[in-house]
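Engineer: One structure, as structure tokens, below. Some questions next.
The values are calculated or read from the model by the stated rules, or taken from the named source; none is laboratory data. For clarity, every value in this text was computed on a predicted model and none was experimentally measured. Counting neighbours? That spans all protein chains shown, and the Cβs are built from the backbone with ideal geometry, glycine included. Note: accessible area is taken over every heavy atom of the protein model, side chains too, but ligands, DNA and RNA are not part of it. Shrake-Rupley method; radii C 1.70, N 1.55, O 1.52, S 1.80 Å.
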Amino acid sequence: MKLQLSFVTLILLFATGASASEDFQAEKFHQTSCTGCHDSSVYTRKKRRVNSLPRLESQVRMCDANLGKKLFDDDIHSLTNYLNDNYYHFGK
Ligand code: HEC
């Protein structure tokens, strides 16, 4: 019985972890997954295409779609904020 209970707890942990993805780390994810096609210099080049926060978010979504990672909205947002804080600096 005790065993069964902890099994249920484990499943619950997994379920909540997956939807909230609290351990998503934007910097780490970016380093491992986002530097395959371009490095971070595209964010600071003179003719960069992204010129607002909403456009940054849709670009992140597009690149995520190319990657096939299917990130959750929360993760897209932290990735967008990470890029904005470090490279783009758009006002919020
Ligand atoms: C499948 C290849 C590929 C991967 C992987 C990829 N990107 Fe991109 N990304 C592109 C291409 C192509 C462009 C457009 C470059 C250009 O216009 O010269 C681009 C452009 C961008 C830009 C806009 C740069 C600008 O001009 O302001 C951002 C922001 C960006 N990517 C973020 C990301 C993030 C975040 C990830 C990881 C989730 C990622 N990319 C992974 C292909 C990729």
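Engineer: Please go through region 75-92 and give me each residue that is of a type in the set (D, E, K, R) and over 17 Å from Phe24 (Cα atoms), ordered by number.
Structural biologist: Lys92
Engineer: On to the next question. Scan (1) surrounded by 10 or more Cβ atoms within 10 Å (Cβ to Cβ); (2) at pLDDT 95 or above; (3) not polar (S, T, N, Q) for the single condition Ala20 breaks and write down its number.
Structural biologist: For Ala20, the failing item is (2).
Engineer: Here's something else I'd like to know. From the residues in region 28-37 that are under 20 Å from Ser78 (Cβ atoms) and part of a loop (DSSP other than H, G, I, E, B), which one is farthest from the ligand (Cβ to nearest atom)?
Structural biologist: Filtering region 28-37 for residues that are under 20 Å from Ser78 (Cβ atoms) and part of a loop (DSSP other than H, G, I, E, B), the one farthest from the ligand (Cβ to nearest atom) comes out as Thr35.
Engineer: Scan region 64-77 for residues that are assigned to a helix (DSSP H, G or I) and open to solvent by 40 Å² or more (accessible area, probe 1.4 Å) and jot them down.
Structural biologist: Ala65, Asn66, Leu67, Asp73, Asp74, His77
Engineer: Being at pLDDT 95 or above, open to solvent by 70 Å² or more (accessible area, probe 1.4 Å) and of a type in the set (Val, Ile, Thr), is that true of even one residue in region 39-57?
Structural biologist: Scanning region 39-57, I find at least one residue that is at pLDDT 95 or above, open to solvent by 70 Å² or more (accessible area, probe 1.4 Å) and of a type in the set (Val, Ile, Thr), so the answer is yes.
Engineer: Further question: Given the conditions (1) surrounded by 10 or more Cβ atoms within 10 Å (Cβ to Cβ); (2) modelled with pLDDT under 95, which single one is not true for Leu5?
Structural biologist: (1)
Engineer: What do you reckon, is Thr80 within 9 Å of the ligand (Cβ to nearest atom) and under 17 Å from Gly91 (Cα atoms)?
Structural biologist: yes
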